[in-house]
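> Take a look at this one; I'll ask things after.
The values are calculated or read from the model by the stated rules, or taken from the named source; none is laboratory data. The structure displayed is predicted, hence computed values, not measured ones. So basically every Cβ, Gly included, is an ideal-geometry build from the backbone, and we count neighbours across all protein chains shown. Ligands, DNA and RNA are excluded from the accessible area calculation, which covers all protein heavy atoms including side chains. Shrake-Rupley method; radii C 1.70, N 1.55, O 1.52, S 1.80 Å.
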Amino acid sequence: MKTACLVTFGCQMNVHDSQRMEELLRADGFELVPEPEGADVIVLNTCSVREKAEQKLRSEVGRLKRLDALVIVTGCVAQQEGERLLDRMPYIDAVIGPDNLHELPGVVRELEGGAPSMVRATFDTEAPRFLVNEATPGGVASSAYVTTMKGCDERCSFCIVPYTRGPERYRSADDIVSEVARLVAAGAREVVLLGQTVNSYRDPAVPMPEGSDPDDSQFASLLRRIVGEAKGLLRLRYTSPHPRHLTPDLLRAHAELETLAEHVHLPVQSGSDRVLKRMIRRYTRDEYVRRADALRSARKGLVLSTDIIVGFPGETAEDFDATLSLVREVGFVGLFGFKYSPRPYTPALKLRDDVPEQEKQQRLEALFELSEAQLRAHLATLVGTRARVLVEGPSKVGAATWAGRTERNEIVHFEAAPGVGPGAFATVEVTRANKHSLEGRVESVAVPAAEKPRSAIRRVALPLVEA
Ligand code: 5AD
């Protein structure tokens, strides 16, 4: 049997895209293997959001060129670089952008037939296509990604995504709801809705009222429909929302829908109004804080995590202090911190990247120290409480055999109990707080485990904090 290996860099959208490519290759007779060595086809699904991610691709491709395999680069670097990738790295056989991923099996067949190297990287703006999880009963993971929209109409000055993923295009709510319902019927217990600005969602089949506020969206209605129609769905998450579209209707949905997780990842990027303006984030610090507070009032116990960029052009020590004070004020329990990295085609290139590397590093470390302390303090408050845990997979922490996530997204490790396994939904008493996770004891199992196949996707973890 022919074999293929997918190596995934970057965000959840890329993980989703890799899962769908894996299904396409499997349907075409490939066996998916976890390591590139020995595979007939190697797909590198790439990220270009920061330079580090791109460098990773280069070193990975360099490592693979010795192998006798078809090497295909997909995703954001593919879209960004196109033909240039083939010029610079002639051992790459094909370059496929995010909107052309469905062409992968055909491209492989052409290459196998002796076709020269090729580039497929055109946006499907006229008739957008979405990769759908075709999983059948037993073939679906307990937590499944579902795409709602793609592309981005924001113009955050640091960000390359509008260039690599194109303009916003939305899937019809009917299609989304029926995919979720099908996945739940096939055994999924949690669904994570995906989109670059997931909460700007507008149903292409249901026009917004004339003259409606540009910040408004139909995301809350979509959430209500999913919860109402996908019976058996135990937990619903979404990522990543933009604070500008955190509408009153979305707040109401958080108050109404028990199934919505008690965690939202809400990227803020900076706590300084001056920097937010230069980043073109289209909200002020105060607006962000008020929306975060409103979210927590809507749903008791809800926790927030965020993304922050340090060392954006012109960021002074005072601006950075404002970021630290915002992290304290909002009380984030999770944080992804990044040093600003100039990206091609972005508006911020016009600004001078003037914060010295050493300063960026120090700011990142200070930020991380603060967020770690907040996470530890938060976890400590949970000892003795009960959490509803969706079991994800095996664990080796202490005597624990399984790990899962709470409704607030904390990781909990616990020992085996009858009915516990991937996909089980259990009530766990938290017995101990570690640095980044919890330990607990299973009290009862509401929904027992189901047999799940393992994915062969290898994900290259990009550092949360850059060294
Ligand atoms: N430099 C550093 N970090 C960036 N991000 C996006 N673009 C850049 C950049 N040019 C970060 C943002 C975003 C996350 C996915 O990556 O924090 O939310």
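> How many Å² of accessible area per residue for segment 303-356, probe 1.4 Å?
I get 37 Å² per residue for this part.
> Let me ask something else about it. Which stretch or stretches of segment 85-103 have amide N atoms under 19 Å from the point lying 7 Å from Ser59's Cα along the Cα→Cβ direction?
89
> Let me ask another. Would you mind getting me the FRET efficiency between Arg441 and Ala377? Use the beta-carbon distance for r and R0 = 22 Å, nearest 0.05.
Numbers: r = 23 Å, r/R0 = 1.02.
After rounding to 0.05, the efficiency reads 0.45.
> Might you tell me the accessible area per residue for segment 199-261, computed with a 1.4 Å probe and given in Å²?
42
> Roughly how many percent of the accessible protein surface of the chain is carbon and sulfur, given a 1.4 Å probe and a whole-percent answer?
After summing per-atom areas, the C and S share lands at 53 percent.
> While we're on this one: Would you mind computing, in nm to one decimal, how far apart the modelled labels at Ala399 and Thr284 are, each placed 7 Å from Cα along Cα→Cβ?
So the label points at Ala399 and Thr284 sit 5.6 nm apart.
> Per residue, how much accessible area does segment 144-189 show when a 1.4 Å probe rolls over the protein heavy atoms, in square angstrom?
On a per-residue basis, segment 144-189 sits at 28 Å².
> How far is the Cα center of segment 74-150 from the Cα center of segment 174-215, in Å?
Computed from Cα coordinates, the inter-centre distance equals 23 Å.
> Follow-up. Report, ordered by chain and residue number, the aspartates and glutamates lying within cross-link reach of Lys350, taken as a straight Cα distance under 19 Å and ignoring same-chain residues fewer than 8 apart.
Partners found: Glu51, Glu154, Glu315.
> For the chain, what proportion of DSSP beta bridges, expressed in % and rounded to the nearest 5, is antiparallel? Can you show the working numbers first?
Working: 23 of 69 bridges.
In the chain, approximately 35 percent of DSSP beta bridges are antiparallel ones.
> For the pair Asp174 and Asn434, how long in nm is the line joining their label points, each one 7 Å along Cα→Cβ?
Each label point is offset 7 Å from its Cα along the Cβ direction, giving 4.8 nm.
> Using the per-residue mean of other Cβ atoms lying within 10 Å as a proxy for protection, in what order, highest first, do the peptides 435-444, 204-213, 169-178 fall?
Order by mean packing, descending: 169-178, 435-444, 204-213.
> Then there's this: Quick one: Cα centre-to-centre distance for segment 367-402 and segment 223-258, in angstrom?
24
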